[in-house]
Amino acid sequence: MSTAFTLVRDAVAAAMAQAPALAGGRITGGLKRPAINEYPSRVDVQLVKSKGRYDLAGPGAPRTWVTLIAVTALVRAAPGDTPDATLDDLVLGISERLDTLSAAALGAQSIDLDPEVTWGVIEGGPNSPNFAMAQWKLAITHETVGASLAPRH
């Protein structure tokens, strides 16, 4: 059985993995992240944290969670390029997919896409290039069965 949190993260990753492929189809997620130099580009979907609350009292009452998911685009800069210029196509593709996400498709009550996008450059070492990155955050409201990790369907 997958937890409610894994299901939410995996649903966002699946939306990123739809055709046409983003980042050569390299969509990563879970606890283990690939090394920065493993792929020339990738989309990383990570569960950042969850905060729960009980809206109803009593044994087995559902717990409502707001789970923060980070979607990060990483692209290796070509020699001589401005690193963030290499992100343009990937940023557009991710933005379009985030705009079409539906709460129902994720098994959630709501999705709040933070309008703030974080940009940056991850400096490579002496033998590795720089990577440009852009990151979005989504706050997804969903429920579990009581205090368990099981999704409430």
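Read-outs throughout are calculated quantities, based only on the coordinates presented, and are distinct from any laboratory measurement. Predicted, not measured: the structure shown is a model, and the values here were computed from it. When we count neighbours, we look across all protein chains shown, and the Cβ atoms used for this are built from the backbone with ideal geometry, even at glycine.
Working note: Karplus 6.51/-1.76/1.60 with θ = phi - 60° gives segment 19-24 the couplings 6, x, 5, 9, 6, x Hz, where Gly and Pro are set to x. In segment 4-145, inverting the average of 1/r over every pair of distinct C-alpha atoms gives 16.1 Å as the Kirkwood radius. If the chain linking A103 and W119 were pulled fully straight, counting 0.36 nm for each residue of separation and taking away their Cα-Cα distance, it would gain 3.2 nm. Distance from a point 7 Å along Cα→Cβ of D112 to each backbone N in segment 38-58: keep the residues under 17 Å and list them by number. Taking a point 7 Å out along Cα→Cβ of D112, the residues of segment 38-58 whose backbone N falls under 17 Å are 48-55.
A Förster radius of 30 Å, combined with the Cβ-Cβ distance separating A61 from A139, puts the computed FRET efficiency at roughly 0.85.
Run the numbers on the chain and let me know its relative contact order in percent, using alpha-carbon pairs under 8 Å that are six or more apart. Computed value for the chain: 27 percent relative contact order.
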